[in-house]
Amino acid sequence: MAPPETSASPTREPRWDPRDVDDLPAAPDGVAPGLPATVEPPTSAPALAEQPVPAAVLSFQVDDAILLLAADGSWRSVPGPSEYGGANLTRDGTRLEVETESGIAVWDLPTGRSTHLPVPTGFRDWDYTTWAWLDHDTLLLDDGNPGGWRVDAQTGVAEQVPYPSGGIGEAIDPDGVVVESRDYPRDPQLTDWAGGERRDADLSHIGRLTPILATSDTVVGTAYQHGPFSVFVVDRADVRVLDTLTLRDHEANYSNGGLTPFAVLDDGTVLLRVAVFGKDFSWRLVAWDPASDDLSLVTHAVGTVTSYAADLLD
């Protein structure tokens, strides 16, 4: 089957220069109201164990701690992850997993209590072990092998599953379904595990998408194989390109991690994380509305964000 047609082409001129991010108009009040206009984590905050909060919107890595931005604007802290480890909030922001040397700590924000879960029996350690939430009660452990582990976040009971299969980028949709973008040196491909069965689709008409986000109907990611560097919204059913935002990629700063998809809101608005390079590194959240092609500035921020609570952004 021939790949779907795409509006992206090597001759298309870039639509926006991310270096001009601070010249964008402020986002309308209804865009991501759960995010403050400015975010700058403090150097320290009260311990979550001593002062619980109902939920957090964002988590940040600060030295040896994870700082949580609560929905009311206050900050809390928990011990940080192991070296190169991560920390992730559930979609509703009420639970946080923090990777440790031997497993993970699962924090319940409303009570301030934590439970430690060891890695499953049969787990093989590697340099890029990752944990992610499939849903509020279930974690996905990727240990670098074809397939991973579904882990009960309360009991630690685990079962092996065929996903992820070793992609360069992976996303989990709101229903807990894994979607992957194939890694080098193989040809670009999207792997969708909806229904528990593997379904592969050719992405040669776009190029390799990474990193990616997934909704129930679409996949959002960046690619530059056919130029220029662009953000794509792709239909999950047939990998047809629905919308494209072409970008000016100054000195390849943005295709090398300076601009990445951050979140997709319920109305289809895509939030983009855009780095601001200068004496003091900071970043911005930009809202791109594919329906109107409008760009607007949502948040000025500094610090290393590790996760967000998707349900609290709208």
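Each residue in segment 50-66 was checked for being free of Cβ contacts under 8 Å to residues at least 60 places away in the same chain and either surrounded by 13 or more Cβ atoms within 10 Å (Cβ to Cβ) or under 21 Å from residue 91 (Cα atoms) (or both), and 3 of them qualify. Pull up segment 143-193, narrow it to residues that are at pLDDT 95 or above and among the small types (Gly, Ala, Ser), then point me to the one that is nearest to residue 238 (Cα to Cα). The qualifying residue nearest to residue 238 (Cα to Cα) is 171. Annotation note: Cβ proximity below 8 Å between a residue of segment 27-49 that is touching a residue at least 12 places away in the same chain (Cβ under 8 Å) and a residue that is basic (Lys, Arg) and open to solvent by less than 50 Å² (accessible area, probe 1.4 Å) (sequence gap 6+ or interchain) occurs for 45/76; 46/76; 47/76; 48/76. Segment 179-280 holds strands (runs of 3 or more DSSP E) entirely within its bounds, and those carrying 1 or more residues that are in contact with a Gly (Cβ under 8 Å, 6 or more places away or on another chain) and open to solvent by less than 30 Å² (accessible area, probe 1.4 Å) map to 189-192, 212-214, 218-223, 230-235, 259-264, 270-276. Among the residues of segment 150-166, which ones are of a type outside the set (Ser, Thr, Tyr) and over 16 Å from residue 197 (Cα atoms)? Correct list: 151, 152, 153, 154, 156, 157, 158, 159. Tell me, which residue of segment 68-95 that is hydrophobic (A, V, I, L, M, F, W, C) and without any contact (Cβ under 8 Å) to a residue 60 or more places away in the chain is surrounded by the most Cβ atoms within 10 Å (Cβ to Cβ)? Checking each candidate, the answer is 68. Are any residues in segment 149-178 buried (at least 16 other Cβ atoms within 10 Å of the Cβ) and in contact with a Lys or Arg (Cβ under 6 Å, 6 or more places away or on another chain), and if so, which ones? Those that are buried (at least 16 other Cβ atoms within 10 Å of the Cβ) and in contact with a Lys or Arg (Cβ under 6 Å, 6 or more places away or on another chain): 161, 167.
Reported count of residues in segment 281-299, each being open to solvent by 10 Å² or more (accessible area, probe 1.4 Å), of a type outside the set (Ser, Thr, Tyr) and either touching a helix residue (DSSP H, G or I) at 6+ places or on another chain (Cβ under 8 Å) or not in a strand (DSSP E or B) (or both), is 6. When segment 96-112 is limited to residues that are touching a strand residue (DSSP E or B) at 6+ places or on another chain (Cβ under 9 Å) and under 17 Å from residue 83 (Cα atoms), the one that is surrounded by the fewest Cβ atoms within 10 Å (Cβ to Cβ) turns out to be 102.
Taking the conditions exactly as written (over 26 Å from residue 41 (Cα atoms), within 14 Å of the chain's Cα centre (by Cα) and of a type in the set (Val, Ile, Thr)), does residue 220 satisfy them or not? When the stated conditions are applied, residue 220 passes them.
Scanning segment 1-39 for residues that are acidic (Asp, Glu) and modelled with pLDDT of 95 or more yields 17, 20, 22, 23.
The values are calculated or read from the model by the stated rules, or taken from the named source; none is laboratory data. Note that the structure is predicted; figures quoted are calculated from it, not measured. When we count neighbours, we look across all protein chains shown, and the Cβ atoms used for this are built from the backbone with ideal geometry, even at glycine. Note: areas computed on protein heavy atoms with side chains; ligands, DNA, RNA excluded. Shrake-Rupley method; radii C 1.70, N 1.55, O 1.52, S 1.80 Å.
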